[in-house]
Amino acid sequence: IPPTVERQIAMLVTPAVADAMMGKPAVTAEPGAAAATITTALAMTEVDLPSRNVIAIWPGTDPALRNEYVVIGSHSDHLSPLNPREHDSLRVFNTVMRPEGAVTPFRTPSADEWGRILRLRDSVRAIRPARIDSIYNGADDSGSGTVAALEIAEAFAAGKISSKRSILFIWHAGQETAEWGSGYFVRHPTVPLDSLVAELNLNSIGRGSEADETGLSGSGAPLHGGDKYHQVIGASRLSTELAAIVTQVNHDSTLALDYSQDAPGHPARMSCRDDRTEYEGHGVPAIWFTTGGNIDFHQLSDEPEYIQYAHLARITSFVLQLTRRLGDLDHRPALTAPKPDHFTCHQ
């Protein structure tokens, strides 16, 4: 049941080699059948493969402002496959032992905790058979942000709404590997960096229920989501005016905004994580919108069945309204901190 750090080795072989490895025609082999004993020598060659940001622009309507951009960002990568695990066993283990998924350090359960884990597993097994899986689908992290950005793009493309400024949509690659995609973009921008008014980053926005442990307070107490729950990180770090605009757009309490994870000195250092920090480090005000932690974070169980779709739609609508406000604003949100010469993120 406990997760490990082992990684699955995948080998692509010809049918003839597969037959030799099985000791019989591989097409006749049943799952779990023992293979022949083979001896071989393996040589490893590392090959760099390309990874690409996906970028699109919706042109603004105002000739004087269309060369400025509001950026809608997400990331389209996730984690590589793991050795097969049983979905429900892993999830009930995390329910008891790892309420924030990979963020919660692994430890061996006590006898009472093992009892609870096994009772939960048996109750699930009474409903359905075991589900073996090895693929990290990343439905929340950040399939949710990826599709939200696409929905916002489709809303503009439908022609019923517009923006005086242009909207730059970017689906970053390599976020799970030290923010490679966003780091590359700010060092090799497709439009001038000083034309970017703000970056609104959507990553993991599909959860946030009362059952989700969304983070810890500064003193270490667990926090939980709820109706309309949403975290805002980084809004005022370069522009207090940008933070004020977020509050104005949320004037009717469309969302219950949680700023606790952005508190100075917070041990989780959320303000120094995710793609938004690459923009902030280059002088672009950037906000990370997220529903926070949950038991499926960086787990095989981050699946579409656990996404809270009505909540995801509410958040997407809110970011769309914020995008339109920034797109039509008669001035850029004022910077309260200058662009740093050498950026080092401090929580």
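Once both axes come from the Cα atoms, what is the angle between helix 240-249 and the longest principal axis of the chain, in degrees from 0 to 90, rounded to 10?
80
Under a Cβ-only charge scheme (Lys and Arg +1, Asp and Glu -1), can you give me the dipole magnitude of the range 126-253 about the Cα centre, in debye to the nearest 20? Each step should come with its number before you reach the end.
Details: 9 positive and 15 negative charges, 56 e Å.
About 260 debye.
What FRET efficiency comes out for the pair residue 104/residue 125, r = Cβ-Cβ distance, R0 = 25 Å, nearest 0.05?
Details: r = 24 Å, r/R0 = 0.96.
Given R0 = 25 Å and the Cβ-Cβ separation, E is 0.55.
Express in nm, to one decimal, how much length is gained between residue 217 and residue 49 on full extension, taking 0.36 nm for each residue of separation and deducting their alpha carbon distance.
On the way: separation 168, 0.36 × 168 = 60.48 nm, distance 4.05 nm.
Between residue 217 and residue 49, full extension yields an extra 56.4 nm.
Reachable lysines from residue 164, Cα under 29 Å, same-chain residues fewer than 8 places away excluded?
339
Tell me the trypsin sites (Lys or Arg not before Pro) within the range 103-135 that lie in a loop according to DSSP and have at most 15 other beta-carbon atoms within 10 Å.
On the way: sites: 107, 116, 119, 121, 125, 131; in loops: 107, 131.
Here the trypsin sites (Lys or Arg not before Pro) that fit, given the DSSP loop and packing criteria, are 107.
Where does the range 209-347 land on Rg(C-alpha)/(2.2 N^0.38 Å)?
On the way: Rg = 15.6 Å, N = 139, 2.2 N^0.38 = 14.3 Å.
In units of the globular-protein estimate, the range 209-347 measures up at 1.09.
With no solvent and one equal point scatterer placed on each C-alpha of the range 52-122, evaluate the Debye formula and give log10 I(q)/I(0) for q = 0.21, 0.23 Å⁻¹, two decimals.
Rounded to two decimals, the profile gives -0.98, -1.08.
In the range 132-211, what chymotrypsin sites (Phe, Trp or Tyr not before Pro) fall in a loop by DSSP, with at most 15 other Cβ atoms inside 10 Å?
Sites meeting the loop and neighbour criteria: none at all.
Could you tell me the calculated FRET efficiency between residue 37 and residue 83, based on Cβ-Cβ distance and R0 = 25 angstrom, to the nearest 0.05?
Values: r = 21 Å, r/R0 = 0.85.
That pair, residue 37 with residue 83, gives E of 0.75.
Give, rounded to the nearest 20 debye, the magnitude of the charge dipole that the chain has about its Cα centre when Lys and Arg contribute +1 at Cβ and Asp and Glu contribute -1 at Cβ.
Values: 29 positive and 42 negative charges, 31 e Å.
Computed about the Cα centre, the dipole is about 140 debye.
Which residue, 100, 241, 280, has the most motion in a Gaussian network model of the chain that connects Cα atoms within less than 10 Å?
It is 241.
Determine the share of the range 63-190's accessible area contributed by carbon and sulfur atoms, expressed in whole percent, with a 1.4 angstrom probe. Mind dumping the intermediate values first?
Values: 3310 of 5910 Å².
Within the range 63-190, the accessible surface is 56 percent carbon and sulfur.
Taking Cα atoms, how many degrees apart are the long axis of helix 145-157 and the longest axis of the chain, rounded to 10 and kept between 0 and 90?
It works out to around 50 degrees.
Projecting each Cα onto the charge dipole of the range 30-151 (Lys/Arg +1, Asp/Glu -1 at the beta carbon, about the Cα centre), which of 115, 37, 56 comes out farthest on the positive side?
Result: 115.
At a 1.4 Å probe radius, carbon and sulfur cover how many percent of the accessible area of the range 261-347?
Values: 2010 of 3610 Å².
With neighbouring chains kept in place, the figure for the range 261-347 is 56 percent.
Under a 1.4 Å probe, what is the accessible area of the range 268-347 per residue, stated in Å²?
41
With N set to the number of residues, divide the alpha-carbon radius of gyration of the range 1-131 by 2.2 N^0.38 Å and report two decimals. Each step should come with its number before you reach the end.
Numbers: Rg = 24.0 Å, N = 131, 2.2 N^0.38 = 14.0 Å.
In units of the globular-protein estimate, the range 1-131 measures up at 1.71.
Average the reciprocal distances over every distinct pair of alpha-carbons in the range 103-158, invert the result, and give the Kirkwood radius in Å. Spell out each step's value before the answer.
Working: mean 1/r = 0.0652 Å⁻¹.
In the range 103-158 this quantity evaluates to 15.3 Å.
By the gyration tensor of its Cα atoms, with a ≥ b ≥ c the square roots of the eigenvalues, what is the shape of the range 280-347: rounded for a/c under 1.5, prolate for a/b over b/c, or oblate?
Working: a/c = 4.33, a/b = 1.47, b/c = 2.95.
Oblate, because a/c is 1.5 or more while a/b does not exceed b/c.
Calculate I(q)/I(0) for the chain by the Debye formula, one identical point scatterer on each C-alpha and no solvent, and give its log10 at q = 0.06, 0.12, 0.14, 0.15 Å⁻¹ to two decimals.
-0.27, -0.92, -1.14, -1.26
Counting Lys and Arg as +1 and Asp and Glu as -1, what is the net charge of the other residues whose Cβ lies under 9 Å from the Cβ of residue 231?
With Lys, Arg at +1 and Asp, Glu at -1, the net is -2.
For the range 128-214, which GluC sites (Glu not before Pro) pass both filters: DSSP loop (anything but H, G, I, E, B) and at most 16 other C-beta atoms within 10 Å?
Values: sites: 151, 154, 176, 179, 199, 210, 213; in loops: 176, 179, 210.
Those satisfying the criteria are 210.
Less than 18 Å apart at the alpha-carbon level, and either on another chain or at least 8 residues along: which aspartates and glutamates does that give for residue 228?
Straight-line reach from residue 228, under 18 Å: 140, 210, 212, 213, 252, 258.
Relative to a virtual label point 7 Å from the Cα of residue 336 in the Cα→beta-carbon direction, which members of the range 238-260 show backbone nitrogen distances below 11 Å?
Inside the label zone: 238-245.
Hey, how many Å between the Cα centroid of the range 26-94 and the Cα centroid of the range 130-183?
Going from one Cα centre to the other spans 14 Å.
Over the Cα atoms of the range 58-173, Rg to Rh with Kirkwood Rh, two decimal places?
On the way: Rg = 21.8 Å, Rh = 17.8 Å.
So for the range 58-173, dividing Rg by the Kirkwood Rh gives 1.22.
So in the chain, what percent of DSSP beta bridges are antiparallel if you round to the nearest 5? Write out the running numbers ahead of the final one.
Numbers: 14 of 33 bridges.
The antiparallel fraction comes to roughly 40 percent.
Might you tell me the accessible area per residue for the range 119-181, computed with a 1.4 Å probe and given in Å²?
Values: 2960 Å² over 63 residues.
Dividing the accessible area of the range 119-181 by its residue count gives 47 Å².
Considering the Cα trace of the range 187-238, what is its radius of gyration and what is Dmax, both in angstroms?
15.8, 43
Taking only the alpha-carbon atoms of the range 104-232, what semi-axes of the equivalent ellipsoid follow from 5 times the gyration tensor eigenvalues under a square root, in whole Å, largest first? Before the final figure, lay out the partial values.
On the way: eigenvalues 294, 69, 59 Å².
That gives 38, 19, 17 Å for the three semi-axes.
The values are calculated or read from the model by the stated rules, or taken from the named source; none is laboratory data. Note that the coordinates shown come from a computational prediction; the quantities given were computed from them, not determined experimentally. Cβ atoms come from the backbone with ideal geometry, glycine included; neighbour counts cover every protein chain shown. Ligands, DNA and RNA are excluded from the accessible area calculation, which covers all protein heavy atoms including side chains. Shrake-Rupley method; radii C 1.70, N 1.55, O 1.52, S 1.80 Å.
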